[in-house]
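Take a look at the structure set out below.
The values are calculated or read from the model by the stated rules, or taken from the named source; none is laboratory data. Keep in mind that this is a model prediction, so the values were computed, not measured. Note that we place each Cβ from the backbone using ideal geometry, even for glycine, and neighbour counts take in every protein chain shown.
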Amino acid sequence: MGYVLNTVRKCILSIVLKQQAFNKQATVTANIKLFCVAMLVTACNSTYTPKPTGYFKINFPAKKYQLFSQPGYPYTFEYPVYANVVKDSSFFGDATENPWWININFPQFNGKINVTYKSIGANKLEKLLNDAFNMTNKHSSRAEYIGDSLLETPNGVHGMFFKVEGNVATANQFFLTDSTKNFLRGALYFDATPNQDSLKPVNDFLLQDMLHMVNTFKWIPPSPKGGL
């Protein structure tokens, strides 16, 4: 009799343990299903927000200017001490039209202001103006916006400034003229793939230098010889 009871107890205990194990597994399975449902509901009711693209922090130098004034050059202006002026001797492989073309290089930013000078007489003013507008408008296919504003500086210099927004080769351009003898165009370029977002801090910083250059610009009667 005792043997029978022990056998029955073992059978009942085995059944109970199996039931407990089943219930435990069922609870785990239920919890997994609940977690999956919760994740699905959250995904359906939440908006994924990607992290914005990060760019390297740029340490900008203090603003300080120096005078560009070289014998023979028909103009003078102030430019930053963190830039250097280099004579531009070629234009797409050909010699420049005259010896007064220059580049204002910004080595820290891999950028430059390309400055081209043309005399009125050898060139018609109407053509020079059309060329300046056409060179700006050629970026229209990639530009999001092109704005222009008339210039009249404290030194009596007239011209126009162009702001081009978008992934374009040059975002800041200008031309200056006295309408009778002299015409000068400047455009800021970078040795980098055009990217409006990554270049914006540098463009904004150098825009101040371009405006300072324009506001300190003066026409100078050319002497027989010019050089840099």
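Okay, here's what the table says:
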read-out	value
Enumeration of residues in the stretch 157-170 that are at pLDDT below 90 and either more than 17 Å from residue 209 (Cβ to Cβ) or charged (D, E, K, R) (or both)	163, 164, 165, 166, 167, 168, 169
Test set (1) loosely packed, with under 15 Cβ neighbours inside 10 Å; (2) over 21 Å from residue 179 (Cα atoms); (3) at pLDDT below 95; (4) in the same structural domain as residue 214 (by TED's automatic domain parsing) - residue 44 fails condition number	(4)
Sole exception among (1) more than 19 Å from residue 205 (Cβ to Cβ); (2) among the charged types (D, E, K, R); (3) touching a helix residue (DSSP H, G or I) at 6+ places or on another chain (Cβ under 7 Å) for residue 78, by number	(1)
Residues being more than 10 Å from the chain's Cα centre (by Cα) and either in a strand (DSSP E or B) or at pLDDT 90 or above (or both) - total across the stretch 171-199	18
Wholly enclosed strands (runs of 3 or more DSSP E) of the stretch 57-110 bearing at least 1 residues in contact with an Asp or Glu (Cβ under 7 Å, 6 or more places away or on another chain) and loosely packed, with under 14 Cβ neighbours inside 10 Å	65-68
Count of residues meeting criterion [at pLDDT 95 or above and among the aromatic types (Phe, Trp, Tyr)] in the stretch 105-122	2
